[in-house]
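Colleague: First, the structure itself, so that you have it in front of you.
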Amino acid sequence: MGLFSRLGTLIRSNINELINRAEDPEKMLNQVLVDMKTQLVEAKKQVAVAIADEKRLKKQYEQEVAHAEEWERKAMLAVRAGNDELAKAALKRKTDHAGVAESLKDQWDAQKESVAQLKDALRGLDNKIEEAKRKRNILVSRQKRAEAQQTINETLAGLNSSGAFATFDRMAERVTQLEAEAEATAELSTGLPESSLESQFKALEAGGVDDDLEALKQKMALGAGGSNKKAIEGEVGSAPGEGGDKPAADDMDAELEELKRKLSAT
């Protein structure tokens, strides 16, 4: 194969490929229907012309028959009048018109047959156009469904290739981790078990100190009451200025020493 032949084949193949890619079924079918309707209009025009010719031939035939009948009537009138020459002339004219009428009759019959065929063809073309419309609607619906399915498939393929669902899974794991961390934080905010035990023991110890303090207060109140009693007794049994305040001071010193000892022990 020569270079130019190969180049021509390559060009044609590329052009055909471009045409195939550019063909849209819906647009192509619509254009075919437009072309068919245009052909239908042209066919109707041709059929109309044929019908008009058929009607014209019929009219001419009927006129020639009428002329032939008229000349026959005139020939009969000439015979009644005894004018044979005039009757012969009238019969000749009748024969001429009858011949033309016979020729027109043949043409009219042929035209009628042609018109009938054209009408059948026109009805067939009209039926084909209606059938083409129905097929166009079905094919366009199939095209739309195929395009929708292709779009869905491409979308799903894009999602799978981009790892969108993997991202959802990873984010779900992240949310689960955040929930676990939040629960751990809430548990820490309430305190660990050891810390809770220490707090309870501190509360008990604080309660013990409070009890000791309360006991100390009661004891001090009792001590203060005894000292007052002894002071009153000293005043009654001794004269003023004879050292009645010394036992009370000794008692206070003893109480003070006892308090310091208890405080040291606690």
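Colleague: Given R₀ = 25 Å, FRET efficiency for Asp251-Leu213 by Cβ-Cβ distance, to 0.05?
Modeller: 0.70
Colleague: Same structure, new question: Report the full-extension gain for the segment Leu156 to Asp24: residue separation times 0.36 nm, less the Cα-Cα distance, to one decimal in nm.
Modeller: 45.1 nm is the gain from fully extending Leu156 to Asp24.
Colleague: Using a Förster distance of 35 Å, how high is the FRET efficiency between Leu259 and Leu188, based on the Cβ-Cβ distance and rounded to 0.05?
Modeller: Efficiency, from the Cβ-Cβ distance: 0.20.
Colleague: Based on the Cβ-Cβ distance of Lys92 and Gln46, what FRET efficiency does E = 1/(1 + (r/R0)^6) give at R0 = 45 Å, to the nearest 0.05?
Modeller: Efficiency at R0 = 45 Å is approximately 0.65.
Bear in mind these aren't lab numbers, they're just calculated from the coordinates by the rules spelled out. All values derive from a computational prediction rather than experimental measurement. Because the Cβ atoms are built from the backbone with ideal geometry, glycine has one as well, and the counts that use them run over all protein chains shown.
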